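Novice: My questions will all concern the structure given below.
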């Protein structure tokens, strides 16, 4: 069995106290403190249900754009859909929201992300 390359390990430090890292999933043949991103990406099933999920989708698109795993056009599609969803969340906070329209906007973001992962 060939020797695996050394993995960079960074300390997890919070503001003034040590934060605990999320335990890595157990993968066969890999050390317990290493996450196989290719395998983890296969487990992703994007579900957009909240503002945090929409913001996470935007951050994910920026990350994918920087990594070169998506195009600017595709990231732009997700950005437009996410912006509309965030606007509808704001309208809902003001009491002017349409629940069906917000649900459709969230579904659109989710569908764009699912299509991108396939």
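Just so you know, all these numbers are worked out from the coordinates, no wet-lab data involved. These numbers were taken from a predicted model, which means no experiment stands behind them. For neighbour counting, all protein chains shown are included, and Cβ atoms are generated from backbone atoms with ideal geometry for every residue, glycine included.
Novice: Write down, largest first, the equivalent ellipsoid semi-axes of the stretch 46-117 in whole Å, where each equals the square root of 5 times an eigenvalue of the alpha-carbon gyration tensor.
Specialist: 23, 11, 9
Novice: Rounded to two decimals, what is the ratio between the C-alpha radius of gyration of the stretch 67-109 and 2.2 N^0.38 Å?
Specialist: 1.35
Novice: Here's another thing I want to ask about it. Residues of the stretch 75-118 with backbone nitrogen within less than 14 Å of a virtual label 7 Å along the Cα-to-Cβ line of residue 49, please, listed as ranges.
Specialist: Only 107 pass the distance filter.
Novice: Give, in nm to one decimal, the length gained when the segment between residue 62 and residue 114 is fully stretched (0.36 nm per residue of separation minus the Cα-Cα distance).
Specialist: My answer for the length gained is 17.1 nm.
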